[in-house]
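Peer 1: Pasting a structure here, questions to come.
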Amino acid sequence: MTTRAVLVALVPTMLFVGVAGAQYPILDMVATKVIQHYQQSNCQQLWQERGQPKPAQEQELIQMLRANPQMRTMFLDKVAGPIANKLFECGMIP
């Protein structure tokens with residue numbers, strides 16, 4: 001009985017995540033690229049990049065995320081954990 005309740009709760013969640021990921025495939029690719037960048041960069045590189053101006057393509061993405069709250073939520077849900085962990089490791093956040 002408990003297993004059935006867990007399955008009933010997990011199936012709709014998994015379907016939603018699958019549909020959400022398919023809704024913005026380019027956003028998913030960009031998020032994966034951002035995560036890889038943070039995972040492959042060392043702390044010194046991240047400190048140097050911190051004060052640099054953002055490239056035009058990155059600024060366009062930021063504007064797109066500001067204009068679309070649903071897209072922004074999906075992007076941040078995907079990248080927040082890996083980025084926060086790396087910034088914590090590098091002493092960039094308390």
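The values are calculated or read from the model by the stated rules, or taken from the named source; none is laboratory data. The shown structure was predicted, so the numbers you read here are calculated from the model rather than taken from an experiment. Virtual Cβ from ideal backbone geometry, glycine too; neighbours counted across all protein chains shown.
Peer 1: Which members of segment 47-76 meet the condition of being free of Cβ contacts under 8 Å to residues at least 12 places away in the same chain, farther than 15 Å from Pro25 by Cα and among the charged types (D, E, K, R)?
Peer 2: Matches in segment 47-76: Glu49, Lys54, Glu58, Glu60, Arg66.
Peer 1: Residues that are assigned to a loop (DSSP other than H, G, I, E, B), modelled with pLDDT of 95 or more and out of contact with any Leu (no Cβ under 6 Å at 6 or more places or on another chain): does segment 54-77 have at least one? Can you show your working first?
Peer 2: So in segment 54-77, the residues assigned to a loop (DSSP other than H, G, I, E, B) come out as 54-55, 68.
Retained after the next criterion (residues that are modelled with pLDDT of 95 or more): 68.
Next cut, out of contact with any Leu (no Cβ under 6 Å at 6 or more places or on another chain) only: 68.
Yes: segment 54-77 contains one or more residues that are assigned to a loop (DSSP other than H, G, I, E, B), modelled with pLDDT of 95 or more and out of contact with any Leu (no Cβ under 6 Å at 6 or more places or on another chain).
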